[in-house]
1. If one computes P(r) from the Cα atoms of segment 80-127, what percent of pairs lie at distances over 12 Å?
2. Determine Rg/Rh for segment 5-55; Rg is computed over alpha-carbon atoms and Rh is the Kirkwood hydrodynamic estimate from the same atoms.
3. If a/c stays under 1.5 just call it rounded; otherwise compare a/b with b/c (prolate if a/b is bigger, oblate if not). Do that for segment 256-297, with a ≥ b ≥ c from the square roots of the Cα gyration tensor eigenvalues.
4. Taking a ≥ b ≥ c as the square roots of the Cα gyration tensor eigenvalues, with a/c under 1.5 meaning rounded and otherwise prolate when a/b beats b/c, else oblate, which class fits segment 1-111?
5. Quick one: Karplus J couplings for segment 291-297, per residue in order, coefficients 6.51, -1.76, 1.60, θ = phi - 60°, nearest Hz, x for Gly and Pro?
6. Give, as a single signed number, the net charge of other residues whose beta carbon lies under 14 Å from the beta carbon of ALA257, with Lys and Arg counted +1 and Asp and Glu -1.
Amino acid sequence: MPGLLTPARLRQGFALFVLISLVAYAAVLLYGHDTHGFIASLSRLRWRWVVVGVGLASLDWFGGGLRLWVLAREVHPRPPLRGMIIAGGMGAWGSYVTPGQAGASPIMVYAMKRVGLPVPKAMTTTLMSFIATVAFFAIAGRVALFLGAGESLAKYGDLLGLNLLDLFKWSNLAFAVLGGLLLLVMLAPKLVSAAVHWLATALGRRSRRVAARLDALRAGIDQAHDSMRVFNSPRGWLALFWAVLLSGPSHANKLFAGYVALRAIGIHAQFFDILLLQTFITSALYFAPTPGGSGFAEALSLAVMAPYLPRELTPIYILVWRCMLTWFTIGAGFVVFSVWVRRGLKAIEVPDL
């Protein structure tokens with residue numbers, strides 16, 4: 001595995017996630033300013049909604065895995081569905097225990113390699129799943145706005161002069177721009193491959209280590225290019241279409257956790273308003289520099305969800321929301337990772353393809 005993703009580094013990321021989360025949650029308790037009220041609120045939890053939240057958390061695995069399976073079968077014969085489900089969940093786990101979600105793609109690629117996908121094909125599948133994610137958020141956001149969802153958000157918030165609806169519109173615009181850039185990768189893979197070849201050669205002139213492996217790197221680039229060409233076809237575009245649709249259940253955990261957490265503590269709110277706010281929070285956390293967005297997630301949720309949350313119920317909401325959003329997947333992911341460690345971790349090496 002890459003040096004960034006050694007067991008020691010991942011354990012450090014987990015420890016940092018826990019530490020920052022505990023400090024942030026202590027701050028939330030101080031904000032709530034009612035410790036006895038918080039303890040009492042635990043007994044009023046609506047556990048059927050907590051169970052729904054556990055089901056949502058499992059979609060990190062099942063939704064993400066099904067999407068990877070739909071994409072992987074275009075570049076590799078008979079990819080195992082069970083292996084893709086593990087890869088989907090472990091990709092989410094990797095994003096939660098590394099800064100800036102940097103571990104998501106490498107862990108996903110590694111998990112797919114363990115079940116037989118060559119690294120370039122796994123990388124292409126991962127890239128296509130990212131394109132599907134960006135397309136889903138860009139399209140779904142614009143459709144929701146066109147249908148009038150979230151208009152009531154314009155009444156709330158004042159962050160840098162922007163109301164909550166403005167914040168969502170700007171985050172959605174960022175996804176649209178990124179989607180346009182990724183569309184270039186789909187439509188002109190040869191141009192992108194040539195650019196990567198040029199970059200690899202330039203790096204080879206500066207680094208003996210890169211130069212020594214340049215042939216292997218070029219072989220990997222060519223395989224990735226061939227895989228991308230598969231998707232630039234009617235069958236490939238159809239697979240991408242299904243992947244965009246499957247991005248809904250794949251990201252349902254992030255999108256619906258806020259609404260389910262509110263219902264779990266007995267608060268009713270307009271479903272689509274909360275959905276748009278959670279979409280904004282999800283997109284903003286992609287840029288958080290801490291593992292799992294720890295600290296930033298709590299602070300952002302406090303700022304954005306304040307109009308819907310009585311101050312005394314904020315701590316219990318944040319606790320339930322973060323469990324659904326990250327903690328359940330982190331726990332399951334460490335079980336899988338521990339099995340990997342016991343069975344032996346293998347480096348991702350292009351020559352092994």
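Computed from the coordinates by the stated procedures, all read-outs in this text should not be read as laboratory data. In this text, all values refer to a predicted model and were calculated from it rather than measured experimentally. Counting neighbours? That spans all protein chains shown, and the Cβs are built from the backbone with ideal geometry, glycine included.
1. Of all Cα-Cα pairs in segment 80-127, 54 percent lie more than 12 Å apart.
2. In segment 5-55, Rg relative to Rh is 1.16.
3. oblate
4. In terms of gyration-tensor shape, oblate.
5. Here the 3J(HN,Hα) series is x, x, x, 4, x, 5, 4 Hz.
6. +1
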